[in-house]
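As structure tokens, the structure follows; a few thoughts come after it.
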Amino acid sequence: MIDSLGRNITYLRLSVTELCNLRCRYCMPEEGVCKLAHSQMLTEEEMIRAVRAAASLGINKVRITGGEPLIKPNILSICRNVSGVPGILETSITTNAILLPDMAVSLREAGVQRVNISLDTLNPEKYRKITRRGELENALRGAKAALNAGFEKVKINAVLIGGFNDDEIPALAALTQKWPVDVRFIELMPMAGNTDFGPECYIPVNKVLESLPEAVPEQEEGVARLYRLPGALGRVGLISPLSQHFCAACNRIRLTADGKIKPCLHSAEEISMKGLSEAEMMEKMRFAILSKPACHGTLNAQSRSQAARSMNQIGG
Ligand code: SAM
Ligand code: SF4
């Protein structure tokens, strides 16, 4: 469906849980989140109904996210049902990969075509520090399991944090020379409740190019500017929600695990879908798409996201 600014909205990010087995410092408070009552969360049936409603408005791509989608007990069934909705041409998932070693093949069989893996560092100590509890070895085993499971595409996403992992740009980018993956660097976003990171942490992704003088530009794809290192099997991507936002080309809406449609990641507007019929959901989604703002405005350490939720409660 075309929104009021002429953007074609074809992409739904479906969050299936707010909970996570890690506690990344830029995403989630250390103590986790207050578990909402079961009755406040979307049931699987409601999620699939929402995807059907979205598909009837022209959404053809769904990314399943969270929180950590792989801790959801019925995740395989959700993936199977989402990918089976008529009109959904692409089903993908975003994960921290910790549980992928045992689940990659089943996810592929459940219709998941693409996997994005979040990995900000290749140093075990730093991995423990940024995730507050994760073991790098498990995430790397997950990444390898994804590469062996026959997905159409595997991408690695690293949040670029000044003073934390900007010294690892060459090492992270070199994964594209070892594995057939795209490695995408994403600017750290200043979510409302997260003030752990000072202004020095918010660095533009162009810094990546300074560290990779040998990178050659390739055709842009979606929100990422793409480059290739000599002999690489995959590409290096730059995603710049702060330094060069892509709101004019935004093609997505989000559905949170507690059933709120968010027309924009960084706005406080939310439209509830809980308990609605498919026809009612479709009307609410149409309204949400038409109320997508032109732009999220300036974001930086001082001027924070207007979204009244942390990233794990939205679905990044
Ligand atoms: N748990 C899964 C994972 O980590 O891949 C999926 C959910 S997580 C919220 C989705 C993505 O959001 C991750 O790649 C994470 O790095 C990113 N993210 C979370 N908070 C962020 C922030 N403040 N700025 C930029 N990216 C963020
Ligand atoms: Fe969990 Fe993903 Fe947030 Fe990290 S970024 S705390 S893995 S939801």
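Nothing in this text is a laboratory measurement; each read-out follows from the coordinates by a stated rule. Values in this document were obtained by computation on a predicted structure and should not be read as measured data. Because the Cβ atoms are built from the backbone with ideal geometry, glycine has one as well, and the counts that use them run over all protein chains shown.
Can you list, by residue number, the Cys in the chain that have no neighbouring cysteine C-beta under 4.7 Å?
Unpaired cysteines in the chain: CYS20, CYS34, CYS79, CYS201, CYS250, CYS264.
Mind scanning LYS260/LYS292; LYS155/LYS274; LYS207/LYS292; LYS153/LYS284; LYS207/LYS262 and naming the pairs with a C-alpha gap bigger than 24 Å? Mind showing how you got there, number by number?
Values: LYS260/LYS292 14 Å; LYS155/LYS274 32 Å; LYS207/LYS292 31 Å; LYS153/LYS284 32 Å; LYS207/LYS262 31 Å.
With Cα atoms farther than 24 Å apart: LYS155/LYS274; LYS207/LYS292; LYS153/LYS284; LYS207/LYS262.
How would you classify region 119-247 from its alpha-carbon gyration tensor, with a ≥ b ≥ c the square roots of the eigenvalues: rounded for a/c under 1.5, else prolate if a/b is greater than b/c, otherwise oblate?
Details: a/c = 1.62, a/b = 1.11, b/c = 1.46.
The shape class here is oblate.
With the cut-off at 1.5 for a/c, could you classify region 198-249 from its C-alpha gyration tensor as rounded, prolate or oblate?
On the way: a/c = 2.97, a/b = 1.32, b/c = 2.25.
Oblate, because a/c is 1.5 or more while a/b does not exceed b/c.
Have a look at ALA55, ALA288, ALA171 and tell me which one the Gaussian network model of the chain (Cα, springs below 10 Å) gives the largest fluctuation.
Greatest mean-square fluctuation among the candidates belongs to ALA171.
Please compute one quarter of the surface area of the Cα convex hull for region 201-311 and express it in square nanometres.
Numbers: hull surface 36.5 nm².
Averaging across all directions leaves 9.1 nm² for the Cα convex hull.
Using only the Cα atoms of region 46-102, each taken as one equal point scatterer with no solvent, compute I(q) by the Debye sum, divide by I(0), and report log10 of the ratio at q = 0.13, 0.25, 0.27, 0.31 Å⁻¹.
Results for region 46-102 at q = 0.13, 0.25, 0.27, 0.31 Å⁻¹ read -0.32, -1.01, -1.12, -1.32.
Which far-off residues, 5 or more places away or on another chain, put their amide H under 5 Å from the one on ILE64, with H placed in the peptide plane?
Under 5 Å from the amide H of ILE64: LEU14, SER92, ILE93, THR94.
Along Cα→Cβ, 7 Å out, is where each label goes; now give me the distance between the ones at SER291 and SER303 in nm to one decimal.
Placing both labels 7 Å along Cα→Cβ, they lie 2.4 nm apart.
Taking R0 as 35 Å, what's the FRET efficiency between ARG128 and VAL216 from their Cβ-Cβ distance, rounded to 0.05?
Working: r = 35 Å, r/R0 = 0.99.
The value I calculate is 0.50.
Per q in 0.17, 0.18, 0.21, 0.25 Å⁻¹, report the Debye log10 I(q)/I(0) for region 105-186, using one uniform scatterer on each alpha carbon and no solvent.
So the normalised log intensities work out to -0.68, -0.75, -0.98, -1.25.
Applying the Karplus parametrisation 6.51 cos²θ - 1.76 cosθ + 1.60 with θ = phi - 60° to the phi angles of region 244-254, what ³J(HN,Hα) value in whole Hz is obtained for each residue in order, glycine and proline being reported as x?
After applying 6.51 cos²θ - 1.76 cosθ + 1.60, I find 7, 5, 10, 4, 5, 10, 5, 10, 10, 10, 10 Hz.
Placing unit charges on C-beta atoms (Lys and Arg positive, Asp and Glu negative, everything else neutral), compute the dipole magnitude of the chain about its Cα centre in debye, rounded to 20.
Values: 38 positive and 34 negative charges, 71 e Å.
Here the size comes out at about 340 debye.
If R₀ is 30 angstrom, what is the calculated FRET efficiency for the pair ASP196 and THR43, using the beta carbon separation as r and rounding to 0.05?
Given R0 = 30 Å and the Cβ-Cβ separation, E is 0.30.
How much length is gained on full extension from SER77 to ASN60, taking 0.36 nm per residue of separation minus their Cα-Cα distance? Write down the numbers at each step before the final one.
On the way: separation 17, 0.36 × 17 = 6.12 nm, distance 1.90 nm.
Between SER77 and ASN60, full extension yields an extra 4.2 nm.
Taking one equal scatterer on every alpha-carbon of the chain, how large is log10 of I(q)/I(0) by Debye at q = 0.13 1/Å?
-0.94
Can you give the calculated 222 nm mean residue ellipticity of the chain, where each DSSP H run of n ≥ 4 adds -39,500 (n - 2.57) and the sum is split over every residue, rounded to the nearest 500 deg cm²/dmol?
Working: 10 runs with 85 residues, N = 316.
Counting only the DSSP helices, I get -7500 deg cm²/dmol.
Give the calculated FRET efficiency between GLU280 and LEU5 to the nearest 0.05, with a Förster radius of 35 Å applied to their Cβ-Cβ distance. Could you put the intermediate results ahead of the total?
Numbers: r = 25 Å, r/R0 = 0.72.
Once the sixth-power term is evaluated, E becomes 0.90.
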